[in-house]
Amino acid sequence: MSIRNIVGWPFSVLYGSITRLRNHLFDIGYTKSFNFEVMTINVGNLSVGGTGKSPMIEYLARLLKKDFRTATLSRGYGRKTRGFQLAGLKDNALTLGDEPFQFYRKFGTEIMVAVGEERALAIPEMLQHQEDLELILLDDAFQHRYVQADLNIMLTEYDRPFFHDFILPAGRLREARKGADRADIIVVTKCPDQIQEANYRAEIQRYAPEASVFFSKIAYGRPQALENGQTGAKVYLFSGIAQPGPFEEFVGQQYEVMAHERFSDHHAYTEEELRKIAENFKASGADFILTTEKDAVKLVVSAFDSWRKDLPLFYLPIEVEFLKDQMAFDALIKAAIEKKYAQ
């Protein structure tokens with residue numbers, strides 16, 4: 001165990017006791033949860049930090065939006081508004097949160113994008129706006145047990161799996177490892193191309209013996225211009241994500257990274273910080289600036305218009321790619337929806 005594990009252990013015991021009691025009250029029905037007529041698929045995890053929930057939500061939206069009237073529902077972490085809200089033309093990352101606004105920019109009116117801290121209250125609001133809604137993708141609601149999702153998809157990172165982790169603050173888990181047993185599907189994310197799959201499956205199934213297990217990786221696209229400009233051989237990076245290492249590593253394989261300015265996850269950029277980024281970029285000798293798609297959506301506000309237009313600013317899109325069994329995963333999702341509506 002590390003020093004952090006040892007020092008944080010007494011607090012982890014206390015926190016773990018609280019979450020176990022909370023889960024027990026839901027399990028015995030003392031605390032009520034609600035199941036809705038509309039199909040709900042929850043994408044979440046046991047840990048804090050970036051396990052790849054947003055790319056998975058986008059994967060499911062692309063998979064299902066042609067066959068089902070689809071929506072996403074997020075808490076809207078980091079937004080400046082409160083309560084239930086549907087995404088519209090006047091919204092940005094400040095009103096919706098970075099990830100929901102990313103969904104809205106990517107899918108537009110193809111799907112409904114909504115935010116609301118209390119998902120059990122937000123779902124009826126969504127159905128009032130669109131009565132024929134058939135599918136709601138719940139973003140990061142694995143611990144939000146007031147909604148009893150029809151299908152639970154839990155993500156865990158290959159390099160930091162839940163079965164080797166500890167409860168906060170000694171580790172990164174929001175609840176005990178046995179919480180994985182609530183998952184119908186577990187997807188190991190950010191995998192290398194070659195893995196020892198059997199060992200991983202065995203560790204996962206100690207805690208979730210009934211769950212279907214899949215392995216995926218992040219597939220990076222080509223840099224996309226936020227405004228205009230050209231790329232080159234040398235790049236200046238900045239990012240505000242939970243795990244910036246893989247982003248830098250991938251970019252470093254394609255370009256010469258002159259510098260990487262890192263901010264905390266869900267960071268809300270200020271004009272002063274962006275001015276500094278522009279100054280540092282120009283001093284670095286880089287040809288262009290590259291950030292993540294999650295960060296890029298936070299820059300699409302009127303206050304930053306002139307800043308964006310003066311710089312060769314690009315973002316790097318990402319998608320989920322399964323190492324194998326993608327068709328089996330897709331079929332499992334569609335079968336769950338068909339089962340819901342056959343009842």
Could you give me the radius of gyration and the Dmax of the range 55-164, taking only the C-alpha atoms into account and expressing both in angstrom? 13.9, 44
Over the range 57-199, with the other protein chains present, what is the accessible area per residue in square angstrom, probe 1.4 angstrom? 43 Å²
Taking R0 as 35 Å and r as the Cβ-Cβ distance between Gln128 and Leu21, the FRET efficiency 1/(1 + (r/R0)^6), rounded to the nearest 0.05, comes to 0.50
Calculate, for the range 218-343, the solvent-accessible area per residue in square angstrom, rolling a 1.4 angstrom probe over the heavy atoms of the protein chains. 51 Å²
Inter-label distance, nm, simple model (7 Å from Cα along the C-beta direction), Lys276/Gln148: 5.0 nm
Within the accessible area of the range 150-211, what % is carbon and sulfur when the probe is 1.4 Å and the other protein chains stay in place? 45 percent
Taking the Cα centre of the range 119-158 as origin, work out the dipole magnitude from +1 charges on Lys and Arg Cβ and -1 charges on Asp and Glu Cβ, in debye rounded to 20. 220 debye
Just going by the charge dipole of the range 1-137, with Lys and Arg at +1 and Asp and Glu at -1 on Cβ, which of His24, Ser12, Gly78 is farthest out on the positive end? Ser12
Within 15 Å, Cβ to Cβ, of Ile218, how many net charges do the neighbouring residues add up to if Lys/Arg are +1 and Asp/Glu are -1? -3
Charge-dipole axis of the chain as Lys and Arg at +1 and Asp and Glu at -1 on Cβ define it, positive-most pick from Pro169, Phe68, Ser239: Pro169
Binned Cα-Cα distance frequencies in the chain - 10 Å width, integer %: 5, 23, 32, 26, 12, 2, 0
Once ligands and nucleic acids are excluded and a 1.4 Å probe is used, how much of Arg69 is accessible, expressed in Å² to the nearest 10? 100 Å²
Estimated [θ] at 222 nm from DSSP helical runs (n ≥ 4, -39500 (n - 2.57)) normalised by residues in the chain, nearest 500: -11000 deg cm²/dmol
With r defined as the distance between the Cβ atoms of Gln224 and Leu121 and R0 fixed at 41 Å, what FRET efficiency is calculated, to the nearest 0.05? 0.70
Of the options His144, Pro192, Gln254, report the single residue whose Cα projects farthest towards the positive end of the charge dipole of the chain (beta-carbon charges: Lys, Arg +1; Asp, Glu -1). His144
Looking at the chain as a GNM with Cα springs under 10 Å, which of Leu73, Leu86, Leu25 has the largest mean-square fluctuation? Leu25
For an R0 of 35 angstrom, estimate the FRET efficiency from the Cβ-Cβ distance between Gln253 and Ser33 and round to the nearest 0.05. 0.20
How far is it, in nm, from the label point at Ser264 to the one at Ala303 when both lie 7 Å from their Cα along the line to the Cβ? 1.8 nm
Past 31 Å, Cα to Cα, is the threshold; run Lys32/Lys340; Lys53/Lys334; Lys178/Lys217; Lys65/Lys294; Lys178/Lys298 against it and keep the listed order. Lys178/Lys298
Beyond 15 Å, what percent of the Cα pairs of the range 168-255 remain? 72 percent
Could you work out the relative contact order of the range 130-276? I mean the mean sequence separation of Cα pairs under 8 Å and 6+ apart, divided by the number of residues, in percent. 16 percent
Point-to-point label distance, Glu110-Ala336, nm (Cα→Cβ direction, 7 Å offset): 2.1 nm
Please state the relative contact order of the chain as a whole percent: Cα pairs under 8 Å, 6+ residues apart? 20 percent
Under a GNM of the chain (C-alpha, springs under 10 Å), which listed residue has the highest mean-square fluctuation: Ala183, Ala242, Ala283? Ala283
Quick one: pull the percent of accessible area on the range 218-323 belonging to carbon and sulfur, 1.4 Å probe, ligands and nucleic acids left out. 44 percent
Nearest 10 degrees is fine. How inclined is helix 53-64 to the longest principal axis of the chain, computing both from alpha carbons? 70 degrees
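The values are calculated or read from the model by the stated rules, or taken from the named source; none is laboratory data. The shown structure was predicted, so the numbers you read here are calculated from the model rather than taken from an experiment. With ideal geometry, Cβ positions are generated from the backbone for all residues, glycine too; neighbour counts draw on all protein chains shown. The area values use the complete protein model at the heavy-atom level, side chains included, leaving out ligands, DNA and RNA. Shrake-Rupley method; radii C 1.70, N 1.55, O 1.52, S 1.80 Å.
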